[in-house]
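Taking it in order: structure first as structure tokens, then the write-up.
The values are calculated or read from the model by the stated rules, or taken from the named source; none is laboratory data. Because the structure is a prediction, the values reported are computed rather than measured. Reconstructed Cβ throughout: ideal geometry from the backbone, glycine too, with neighbour counts over all protein chains shown.
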Amino acid sequence: MRILILAGGVGGSKFTLGVRAAAGHDDHITVVANTGDDLWLSGVRLQPDVDSIVYALAGVNDTHRGWGRAGDTERVNEELQAWGAGWPWFTLGDLDLGTHLARTGWLRDGATPTQVLDRMSRRWPLGVHLLPMTDSEVDTIVTVRDQDGERPMHFQEWWTRWRAALEPVRFENPGMAEARPAPGVAEAIANADVVLLAPSNPVVSIGPILAVPGIRDALTATRAAVVGVSPVIGGRVVRGMADVCLAAIGVESNASAIAAHYGARASGGALDAWLLGEEDEALAPEVEAAGIRAVVAPLWMRDEATSAALASAALGAGRR
Ligand code: GDP
Ligand code: CA
């Protein structure tokens, strides 16, 4: 079976680990990673969601902290701070900087982000084919509102420095209108047997992927079943500040509102089926009323076993 996953960082990588564990030997997994989180900092290109997925699949991620490399140090970061370079609120680990330097060097040599990721995928046996959503730079800009009015800032500043505490008015990805899906992405969607939307942030992880011109059309056209997993359980985002993002686009932080936001494929949306938590069973009729098959399942990804169980439920929903 050809499995295709659309994924953000932390939720995306935990789910992808589960899919890899649940998949059979003959299954082939392609992961399309969000690159809307990317940024330039201190002269290097950061791809936080891509790196979260690579590190998690390679087993070298810091599971305790939830980001970066296990056992990383911050010597270079201290030196950058002493120079007043970069952002004082944004820590770059030494091992992580090795990744960013390698990537930036290859980009400077003329490689595309797809080629860079292909090269990065050879170091460890990841067990999946990893693609960026696009080769274009479409970093997310948030317009925030405070007493001085509205002003734009890079998503990473808003998320990391301000912990999403400044009221967001809108999210934009400059350059998105001219962006194209990375080579192989549209084909992988067309040839998939099942497409899975990871339980990632609907606004700043899955949102940018679906916004790449051509990706939505590929989802509409594919013969594969498209199955999404709710990132909200019992009305709460599990981790992070996705609820603030959802509020900015006028979507309630609950499993059926997010499903309705993605929409039923039968009426031009993205979903055939939607997995919602046992805590949210009462919302199933609302999801079904929106034309999306509701599947109730345990949505907590506590470890690889629970992630694999969730992945099996999603794959099962795709087979029906
Ligand atoms: P980011 O790019 O690192 O912010 O990560 P993602 O966008 O991939 O995922 C973030 C989302 O994952 C959060 O908004 C959570 O709601 C969701 N999430 C995290 N852990 C779990 C879990 O165990 N189960 C489910 N269903 N969602 C989760
Ligand atoms: Ca992200």
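Take the range 266-303 and flag every residue that is within 12 Å of ligand 1 (Cβ to nearest atom) and either of a type in the set (Phe, Trp, Tyr) or assigned to a helix (DSSP H, G or I) (or both). Explain how you work it out, then say what you get.
Pass one, the range 266-303, residues within 12 Å of ligand 1 (Cβ to nearest atom): 274-280, 297-303.
Result: Trp274, Glu278, Glu279, Asp280, Trp300.
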Listed by first then second residue, the pairs whose first member lies in the range 241-261 and is hydroxyl-bearing (Ser, Thr, Tyr), whose partner is part of a loop (DSSP other than H, G, I, E, B), with beta carbons under 6 Å and at least 6 positions apart or on separate chains, are none
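This table checks each residue for (1) within 16 Å of ligand 2 (Cβ to nearest atom); (2) β-branched (Val, Ile, Thr); (3) farther than 30 Å from Arg302 by Cα.
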{"residue": "Ala188", "(1), (2), (3)": "no, no, no"}
{"residue": "Ala192", "(1), (2), (3)": "no, no, no"}
{"residue": "Leu197", "(1), (2), (3)": "yes, no, no"}
{"residue": "Asn201", "(1), (2), (3)": "yes, no, no"}
{"residue": "Pro208", "(1), (2), (3)": "yes, no, no"}
{"residue": "Ile215", "(1), (2), (3)": "no, yes, yes"}
{"residue": "Ala218", "(1), (2), (3)": "no, no, yes"}
{"residue": "Ala225", "(1), (2), (3)": "no, no, no"}
{"residue": "Val238", "(1), (2), (3)": "yes, yes, no"}
For Arg65, the lone unmet condition from (1) at pLDDT 95 or above; (2) charged (D, E, K, R); (3) closer than 20 Å to Gly98 by Cβ; (4) surrounded by fewer than 24 Cβ atoms within 10 Å (Cβ to Cβ) is (1)
Select from the range 61-92 the residues that are more than 16 Å from ligand 1 (Cβ to nearest atom), touching a residue at least 40 places away in the same chain (Cβ under 8 Å) and in contact with a helix residue (DSSP H, G or I) (Cβ under 8 Å, 6 or more places away or on another chain) and list them in ascending order. Gly86, Trp87, Trp89, Leu92
From the list Ala308, Ala289, which residue is touching a residue at least 24 places away in the same chain (Cβ under 8 Å) and among the small types (Gly, Ala, Ser)? Ala308
Name the pairs whose Cβ atoms lie under 9 Å apart, with the first residue in the range 31-50 and at positive phi and in contact (Cβ under 8 Å) with a residue 12 or more places away in the chain, the second in a strand (DSSP E or B) and within 14 Å of ligand 2 (Cβ to nearest atom), and 6 or more positions between them or separate chains? none
Residues being part of a loop (DSSP other than H, G, I, E, B) and more than 21 Å from Leu17 (Cβ to Cβ): count how many of those fall in the range 183-192. 2
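Grab the helices (runs of 4 or more DSSP H) fully contained in the range 193-255, keeping just those with 1 or more residues being under 21 Å from Ala23 (Cβ atoms) and modelled with pLDDT under 95. Break it down into steps so the answer makes sense when it comes.
Values: elements: 206-211, 215-221, 242-248.
Fully inside the range 193-255 and qualifying: nothing.
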Residues of the range 32-59 being more than 26 Å from Leu197 (Cβ to Cβ) and away from ligand 2 (no atom under 16 Å from the Cβ), in sequence order, are Trp40, Ser42, Gly43, Val44
